[in-house]
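Structure provided below as structure tokens; questions to follow.
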Amino acid sequence: VRKDSTELRRIGVNLLGIETARTFLDGSGSGTIISAGNGVSSFISNFTFTNASVGIQVLDNSAGASIYITNNVFVVGPTGTAITVQNSAETTILNNTFYDNGTAVSRDADIPIVNNIFPSNLTAIYDSSLAETLTEYNFFSRNTTTGLMGLPVVTGEKPLFVDPTAQD
């Protein structure tokens with residue numbers, strides 16, 4: 001049975017690693033590792049993203065198609081952006097760790113950013129001009145800026161990782 005592109009978009013694509021400690025996606029220092037959007041619902045889970053300009057780019061995802069980014073580790077580097085979300089208000093960022101990135105999350109809408117750990121990023125969440133009604137229960141440590149305006153955040157000195165330089 002042949003499916004047209006509209007029907008395929010409703011089905012969605014799930015990208016699931018075995019576990020973050022065993023499933024690494026390396027960007028070789030440039031480019032985007034995963035691009036998501038164009039009306040496709042997706043789960044992206046259980047990966048460690050390393051060494052890239054952009055870990056995940058969510059772009060132009062239509063209403064009704066949701067992107068869930070959950071249980072990942074992002075260590076793309078001090079000049080990279082872990083996740084960028086543009087024109088995709090149905091994106092959820094949940095239970096991830098963002099360590100030593102230039103920007104952890106860049107977005108142009110108030111999307112759910114919940115229960116994540118943000119240690120040692122230059123900017124944890126960018127664009128601070130947006131409402132923050134869906135950003136909650138995150139931990140921020142040693143970021144140059146959290147990017148959150150007027151929102152109470154949980155901060156601390158160390159998230160007590162075993163060996164962050166080895167993604168542990």
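The values are calculated or read from the model by the stated rules, or taken from the named source; none is laboratory data. Keep in mind that what you see is a predicted model, and the values were worked out from it rather than measured. So basically every Cβ, Gly included, is an ideal-geometry build from the backbone, and we count neighbours across all protein chains shown. To get the accessible areas, we keep the full protein, side chains included, count just its heavy atoms, and leave off ligands, DNA and RNA. Shrake-Rupley method; radii C 1.70, N 1.55, O 1.52, S 1.80 Å.
Is it the case that residue 91 is polar (S, T, N, Q) and surrounded by 18 or more Cβ atoms within 10 Å (Cβ to Cβ)?
So residue 91 passes the test.
If a residue has to be closer than 15 Å to residue 72 by Cα, free of Cβ contacts under 8 Å to residues at least 60 places away in the same chain, open to solvent by 60 Å² or more (accessible area, probe 1.4 Å) and of a type in the set (A, V, I, L, M) to count, how many in region 10-39 make the cut?
Of the residues in region 10-39, 3 are closer than 15 Å to residue 72 by Cα, free of Cβ contacts under 8 Å to residues at least 60 places away in the same chain, open to solvent by 60 Å² or more (accessible area, probe 1.4 Å) and of a type in the set (A, V, I, L, M).
Here's another thing I want to ask about it. Does any residue of region 58-73 turn out to be of a type in the set (Ser, Thr, Tyr) and not in a loop (DSSP other than H, G, I, E, B)?
yes
While we're on this one: Between a residue in region 102-114 that is over 8 Å from residue 134 (Cα atoms) and any residue that is assigned to a loop (DSSP other than H, G, I, E, B) and not β-branched (Val, Ile, Thr), which pairs come within a Cβ distance under 6 Å, given they are 6 or more apart or on different chains?
102/78; 102/80; 102/122; 104/121; 109/89
Working only within region 103-139, note down all residues that are part of a strand (DSSP E or B) and either charged (D, E, K, R) or at pLDDT below 90 (or both). I'd like the intermediate steps shown before the answer.
Let us first name the residues in region 103-139 that are part of a strand (DSSP E or B), namely 103-107, 113-114, 117-119, 123-126, 135-136, 139.
107, 135, 136, listed by residue number.
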